[in-house]
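What follows draws every value from the coordinates through simple rules; no lab data is involved. Model, not experiment: these values are computed from the prediction. Cβ sites come from the backbone with ideal geometry, for glycine too, and all protein chains shown count toward neighbours.
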Amino acid sequence: MLASTSRYRRALLARLKVPFAVDAPHVDEAPPVLDAGVVESPLALASRLARAKADAVASRWPAARVIGCDQVAHIDGAVLDKPGNADRARLHLARASGGTVEFVTALALVNTATGRRQSAVDVCRVQFRSLSAAEIERYVALDEPFDCAGAFRSEGLGIALVARIRGDDPSALVGLPLILLTTLLENDGLALLA
């Protein structure tokens, strides 16, 4: 079970050639403010949400492997969420211009039959070129990255915004770290090439 309605995650999981279904987790993704006004770190936020999504769906499926995933994009701890509209997308990209955005993608796997829980995190650093207002405007108009963390779609035209990408798993940047997922599935007894 994929605890996500993301079309990007569905497409990535389909690449593994295993049958799966999708179940929406309905988890509040807003980062909480902790004691003394401290905000949850991007790594803690992504990890917590991946586990919460897996747990929410796991409660409805008594004999399944449930995959929860969440991605948080940030610059020095300041989260660049899914913008939802063109104005916020332009703001996110102006903030990213000339800087490095870290994409933290957390994964949780729950085997509801055995109770086994696993989790992992992939971190990818994307160095953005210095972008003009016209480049940002054109990208936002053409790629419409409103449902992407940081307003950046690496598998689309967003790649033209980038000077360098540093990470271990290119699929993690799209939203589901397949290298980590195959390892977690194998640890749980599902060898994809067996």
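Listed values, structure above:
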{"read-out": "Dimensions in Å of the range 72-194 - Rg and Dmax from alpha carbons", "value": "16.5, 54"}
{"read-out": "Long-range HN-HN contacts of S4 with modeled amide H, under 5 Å", "value": "D23"}
{"read-out": "Calculated from backbone phi, Karplus (6.51, -1.76, 1.60) coupling profile of the range 93-109 in Hz, x at Gly/Pro", "value": "6, 5, 5, 6, 3, x, x, 10, 9, 9, 9, 9, 10, 9, 10, 10, 10"}
{"read-out": "Zone of S97's modelled label, taken as backbone nitrogen in the range 145-185 under 19 Å from a point 7 Å along Cα→Cβ", "value": "145-146, 150-153, 157-164"}
{"read-out": "For R129, residues with placed amide H under 5 Å, excluding near neighbours", "value": "G98, V162, A163"}
{"read-out": "Local net charge near A113, Cβ-Cβ under 13 Å (Lys/Arg +1, Asp/Glu -1)", "value": "+2"}
{"read-out": "Residue exposure sequence - D122, D169, D147, D28 - by fewest surrounding Cβ within 10 Å", "value": "D28, D147, D169, D122"}
{"read-out": "Packing-based exposure ordering (other Cβ within 10 Å, fewest first) of K17, K53", "value": "K17, K53"}
{"read-out": "Phi-based couplings in Hz for the range 66-80 (Karplus 6.51, -1.76, 1.60; Gly and Pro marked x)", "value": "10, 9, x, 8, 8, 10, 10, 9, 8, 10, 6, x, 7, 6, 10"}
{"read-out": "For the chain, calculated [θ]222 nm from helices alone, where every DSSP H run of n ≥ 4 adds -39500 (n - 2.57)", "value": "-9500 deg cm²/dmol"}
{"read-out": "Extended-chain gain in nm, criterion 0.36 nm per residue less alpha-carbon gap, H26 and R7", "value": "5.3 nm"}
{"read-out": "Rounded to whole Hz, the Karplus (6.51, -1.76, 1.60) HN-Hα couplings of the range 153-169, x for glycine and proline", "value": "10, 5, 7, x, 5, x, 4, 6, 8, 9, 9, 7, 10, 10, x, 8, 9"}
{"read-out": "GNM flexibility winner over the chain from A54, A14, A120 (Cα, springs under 10 Å)", "value": "A14"}
{"read-out": "Order of R125, R51, R164 under a 10 Å beta carbon neighbour criterion, fewest first", "value": "R164, R125, R51"}
{"read-out": "Lys, Arg +1 and Asp, Glu -1 on Cβ, resulting dipole of the range 7-187 about Cα centre, debye, nearest 20", "value": "500"}
